[in-house]
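A short worksheet on the structure shown next.
What follows draws every value from the coordinates through simple rules; no lab data is involved. These numbers were taken from a predicted model, which means no experiment stands behind them. Ideal geometry is used to build each Cβ from the backbone, glycine not excepted, and the neighbour counts take in all protein chains shown.
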Amino acid sequence: MYRKEGQPLPPPEKFELPFEGKLSPNNRWVIMAELIPWDDFEEEYAKLFSAEKGAPAKLFRMALGTLIIKEKIRNK
C-alpha cells in the first residue's frame, strides 16, 4: 500500500537542526539532495504499490536516501 504523507519535507536549506542550527548549502548531502528530482521519482514509485492492500510503503525519498547513505558508507 502506498500513502503519500500530507506534509512535504522541507527543502534542505530550511531544515532545522537542534539548537537552532542550519544545514550549510555547501554540505555534500544538501548538494546531492538538490540534484535528485524527488517529486518525479515519488510519482513513479507510488505506481508500484496497491492503494488498498499491504503495509504502507516508505516514502521514496526515505527509501532512496537510505540506500544512498548505505552505499556511501560501504564504499569508504
Magnitude of the charge dipole, the chain, Cβ model with Lys/Arg +1 and Asp/Glu -1, debye to 20: 440 debye
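So what's the back-of-envelope 222 nm ellipticity for the chain, counting only DSSP H runs of four-plus at -39500 (n - 2.57) apiece and dividing by all residues, rounded to 500?
On the way: 3 runs with 32 residues, N = 76.
When only DSSP H runs of four or more count, the value is -12500 deg cm²/dmol.
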Whole-number percent relative contact order across the chain, with pairs defined as alpha carbons under 8 Å at least 6 apart: 39 percent
